[in-house]
Amino acid sequence: MNVGAAAELGRLLADYPGLQVIKEQIRQAFVMLRKCVVNDGVIYCCGNGGSAADCEHIVGELMKGYKLQRELPAEKRQSFADHYGERGAAIAGCLQSAIRAQSLVSQASLMSAYNNDINCEYVFAQQIYGYGREKDVLWALSTSGNSANVVNAAITAREKKIAVLAMTGAEGGELADIADVCLKVPYRETDRTQECHLAVYHCLCAMLEKQFFEN
């Protein structure tokens, strides 16, 4: 990782010293996510309740500037201007470089139809089966590690040779045995686990951004 990414990890561990126990797993998660970005893969996120909101949050940090502005490269801005004049230049001036990510909790029509017609425990698995490719990553969040629809998505991802990054509470649950990397934050209460998840995923998003977009 570059200097900026390393600094973000150091800041997280200074603010949350209890996370020293998963320092190596956080580093492994970063390596997994970085490989996905380098290979032009997509990071897919799934979870329930507060973890579903975290999925939306993660995608929001990845798809646009988080701590950096991520201005498009000069050649991209020039291409917009060359092809579409002032309007193209205006569009390019507002666009930001993105890390490809998608939340699986946002597909309202698909999810409601699938839940009604088939079984809600497989709704994330269906999406991973349809969208996922080997170069992608499934970022699966479950405070218990045992959410059936999240575990089923992780199993489906592994069957498709898609890397799985899990975030859980201290116990890890079923996800810990399935994931390539499991970040088991040292809490058992749902609220404290989710609060810690936020700090960890903010750090990972910042690390990725600084790896790819910091000058």
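The values are calculated or read from the model by the stated rules, or taken from the named source; none is laboratory data. No experiment lies behind these values; they were computed from the predicted model shown. In this analysis, Cβ positions are derived from the backbone assuming ideal geometry, glycine residues included, and neighbour counts consider all displayed protein chains. Keep in mind that these areas ignore ligands, DNA and RNA; they rest on the heavy atoms of the full protein, side chains included. Shrake-Rupley method; radii C 1.70, N 1.55, O 1.52, S 1.80 Å.
Remark: the stretch 122-215 is approximated by an ellipsoid whose semi-axes, taken from the C-alpha gyration tensor as √(5λ), come to 21, 20, 10 Å, largest first. In a simple Cβ point-charge model (Lys, Arg +1; Asp, Glu -1; nothing else charged), the stretch 33-186 has a dipole of about 480 debye relative to its Cα centre. Amide H contacts of I99 (H built 1.01 Å from N, in plane; Pro and chain starts excluded): M63, K64 sit under 5 Å, all sequence-distant by 5 or more or on other chains. Note on surface exposure: T190, T143 rank T190, T143 by accessible area, highest first, 1.4 Å probe. The GNM of the chain, with springs linking C-alpha atoms under 10 angstrom apart, assigns the highest mean-square fluctuation among N149, N39, N116 to N116. Given +1 at the Cβ of Lys and Arg, -1 at the Cβ of Asp and Glu and no other charges, the dipole of the stretch 74-139 around its Cα centre is 200 debye to the nearest 20.
Under 12 Å from a label point set 7 Å out along the Cα-to-Cβ vector of D15, the amide N atoms of the stretch 176-207 belong to 196-207. Residues D177, D54, sorted by accessible area with the largest first, give D177, D54 [1.4 Å probe; ligands and nucleic acids excluded]. Each part gets one Cα centre, and for the stretch 16-49 versus the stretch 187-215 those centres are 9 Å apart. Restricted to Cα atoms, the stretch 23-81 shows a radius of gyration and a Dmax of 14.9, 45 angstrom.
Using Cβ point charges alone (K and R +1, D and E -1), the dipole size of the stretch 17-111 about the Cα centre works out to roughly 220 debye.
In this simple spin-label model, placing a label point 7 Å from the Cα along the Cα-to-Cβ direction at both K135 and N115 gives a separation of 3.3 nm. Only DSSP H runs of four or more residues enter the estimate; each adds -39500 (n - 2.57), and after division by the residues of the chain the mean residue ellipticity at 222 nm equals -18500 deg cm²/dmol.
Each of I91, I43 has its accessible area taken with a 1.4 Å probe; listed largest first, they run I91, I43.
Projecting the Cα atoms of Y122, V150, A163 onto the charge dipole of the stretch 119-215, computed from C-beta unit charges around the Cα centre, puts A163 farthest toward the positive end. With pairing defined as another cysteine C-beta under 4.7 Å, the cysteines of the chain that fail it are C36, C46, C94, C120, C182, C196, C203, C205.
The mean sequence separation of alpha-carbon pairs under 8 Å and at least six residues apart, normalised by the residue count of the stretch 162-215, gives a relative contact order of 28 percent.
Please list, by residue number, everything in the stretch 127-160 whose backbone N is under 15 Å from a paramagnetic label point 7 Å out along Cα→Cβ of N39. Hits in the stretch 127-160 for N39 at 15 Å: 132-139, 157-160.
The residues neighbouring Y16, those whose beta-carbon lies less than 13 Å from its own, together hold a net charge of 0 under the Lys/Arg +1, Asp/Glu -1 convention.
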